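Novice: Right, I'll just put the structure down here and ask away after.
The values are calculated or read from the model by the stated rules, or taken from the named source; none is laboratory data. Please read all numbers here as calculations on a predicted model, not as lab measurements. Because the Cβ atoms are built from the backbone with ideal geometry, glycine has one as well, and the counts that use them run over all protein chains shown.
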Amino acid sequence: MKTIIFDSSTIISLATNDLLWILKDLKKYFDGRFVIPESVKIELVDNPFNSKYYKLEAIMINNYINKGYLEVYKAIDVENLLDISNKICYADDKNLVILHKAEIEALALASKINADAYSVDERTMRLMIENPFRLRKLLERKLERKISINKENLKKFESMTVKIPIIRSTELALIAYEKGLFKDLINDNVKEKDLVEALLWGLKMRGCSISDKEIEEIGRSEL
C-alpha cells in the first residue's frame, strides 16, 4: 500500500495553521497510509499534552490518530543512525548535533518500508538528505564559523537511508488547493492568488522551510 511518512515538523505546521483537516481528504485522494513513527507521536502528543504550550494542538493531533487519519508505527531502533547523523558536520573539532531522534526515526522508517514520500518541513533534515554540502554553507553563515563534513560518516548515512521524495506542508496545501478543498474561501474579496499566497506564507511563518523566491515561483505556476 502507498505510504507517506510524516515528521513532526509538517504536522506542527498544519496544526498551527488550522489545516490538519486537509489530511482527511488528502488521505482519501492518495488512497494510502499517512504514518508517523512512535517518537514523532511522543513529540507531537505525549510531551505537549503534559504542558501548557501546544496542549490544544496535541489534543487535535491525537484525535486524528484515533480516527485513523494518522497511523502510529511501532518504535524502531535508530540510535546508530542518530549517532552517525550527528557526526557528519563539525566545527572546531566538535561534532554538531543538528538532528533529533523523531526526525531520524521518521527517515529510518521511510527507508525501512520504502515509503512513497517523506514529509518534513525542517530545512536541516531536508538538506541533509538532498544536499549536505549546501547545508554546510548555511550552517557556516548561521554560526559564522567554518564547518567541515566527515565524508566517511556522510557515506554511512547515505548507505543506511534510501533516497526518497521529500515533500513539505506547502506541497500538501497546494494539492489540497488543486483538489478544490479551499474553494469555499474564494469570493469577490478573496481571489485565488490571495488564497495561494496566504497558504504559503502562513506555512512559512509557522515553520515550513520555503524561500520567498519559491513562493513567488509557485504562485505564478499555480495561477
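Novice: Would you check which residues across segment 23-50 are of a type outside the set (D, E), touching a Ser or Thr at 6+ places or on another chain (Cβ under 7 Å) and not in a strand (DSSP E or B) and list them? Outline the logic, then answer.
Specialist: Initially, segment 23-50 is screened for residues of a type outside the set (D, E), giving 23-24, 26-30, 32-37, 39-42, 44-45, 47-50.
Right, trim to touching a Ser or Thr at 6+ places or on another chain (Cβ under 7 Å) and you get 32-33, 35, 40, 44.
Answer for segment 23-50, where residues must be of a type outside the set (D, E), touching a Ser or Thr at 6+ places or on another chain (Cβ under 7 Å) and not in a strand (DSSP E or B): G32, V40, L44.
Novice: Consider I84 carefully, then state whether it is modelled with pLDDT under 95, crowded, with 19+ Cβ neighbours inside 10 Å, in a helix (DSSP H, G or I) and touching a helix residue (DSSP H, G or I) at 6+ places or on another chain (Cβ under 9 Å).
Specialist: Details: modelled with pLDDT under 95: no; crowded, with 19+ Cβ neighbours inside 10 Å: yes; in a helix (DSSP H, G or I): yes; touching a helix residue (DSSP H, G or I) at 6+ places or on another chain (Cβ under 9 Å): yes.
Criteria not met by I84.
Novice: Hey, I98 hits all of (1) buried (at least 20 other Cβ atoms within 10 Å of the Cβ); (2) closer than 19 Å to I147 by Cα; (3) among the aliphatic types (A, V, I, L, M) but one; which does it fall short on?
Specialist: (1)
Novice: Conditions first: (1) in a helix (DSSP H, G or I); (2) in the same structural domain as D92 (by TED's automatic domain parsing); (3) at pLDDT 95 or above. D121 passes all but one, so which condition is the exception?
Specialist: (1)
Novice: Which condition breaks for S209 when tested against (1) part of a helix (DSSP H, G or I); (2) touching a residue at least 24 places away in the same chain (Cβ under 8 Å); (3) under 25 Å from F34 (Cα atoms)?
Specialist: Condition (1) is where S209 drops out.
Novice: While we're looking at this one, here's another question. Tell me which of these D184 doesn't satisfy, since it passes every other one: (1) of a type in the set (D, E); (2) closer than 22 Å to I218 by Cα; (3) modelled with pLDDT of 95 or more.
Specialist: (3)
Novice: For segment 18-57, give me each residue that is farther than 27 Å from K112 by Cα and either crowded, with 19+ Cβ neighbours inside 10 Å or among the acidic types (D, E) (or both). Full working, then the answer.
Specialist: Step one: filter segment 18-57 for residues farther than 27 Å from K112 by Cα, giving 18-19, 21, 48-57.
If the condition is that a residue be farther than 27 Å from K112 by Cα and either crowded, with 19+ Cβ neighbours inside 10 Å or among the acidic types (D, E) (or both), then D18, L19, P48, E57 are the ones that fit.
Novice: Within segment 146-162, can you find the residues that are of a type outside the set (V, I, T), surrounded by 12 or more Cβ atoms within 10 Å (Cβ to Cβ) and part of a loop (DSSP other than H, G, I, E, B)?
Specialist: First pass over segment 146-162, keeping only residues of a type outside the set (V, I, T): 146, 148, 150-160.
With surrounded by 12 or more Cβ atoms within 10 Å (Cβ to Cβ) added as a condition, the list becomes 148, 150, 153-158, 160.
N150, the sole residue that qualifies.
Novice: Going through P132, P165 one at a time, which residue ends up being under 30 Å from K193 (Cβ atoms), surrounded by fewer than 18 Cβ atoms within 10 Å (Cβ to Cβ) and touching a residue at least 12 places away in the same chain (Cβ under 8 Å)? Walk me through it before giving the result.
Specialist: Working: P132 fails: under 30 Å from K193 (Cβ atoms).
P165 is the lone residue from the list that is under 30 Å from K193 (Cβ atoms), surrounded by fewer than 18 Cβ atoms within 10 Å (Cβ to Cβ) and touching a residue at least 12 places away in the same chain (Cβ under 8 Å).
Novice: Hey, among A110, A176, which residue is of a type in the set (A, V, I, L, M, F, W, C), assigned to a helix (DSSP H, G or I) and within 15 Å of the chain's Cα centre (by Cα)?
Specialist: After applying the criteria, what remains is A110.
Novice: Is one or more of the residues making up segment 72-95 among the hydrophobic types (A, V, I, L, M, F, W, C) and within 25 Å of I175 (Cα to Cα)?
Specialist: Step one: list which residues in segment 72-95 are among the hydrophobic types (A, V, I, L, M, F, W, C), which gives 72, 75-76, 78, 81-82, 84, 88-89, 91.
From what is left, the residues that are within 25 Å of I175 (Cα to Cα) are 72.
Scanning segment 72-95, I find at least one residue that is among the hydrophobic types (A, V, I, L, M, F, W, C) and within 25 Å of I175 (Cα to Cα), so the answer is yes.
Novice: Here's a follow-up. Being under 14 Å from N17 (Cβ atoms) and free of Cβ contacts under 8 Å to residues at least 12 places away in the same chain is the filter; apply it to segment 172-199 and report the residue that is surrounded by the most Cβ atoms within 10 Å (Cβ to Cβ).
Specialist: This residue is A198.
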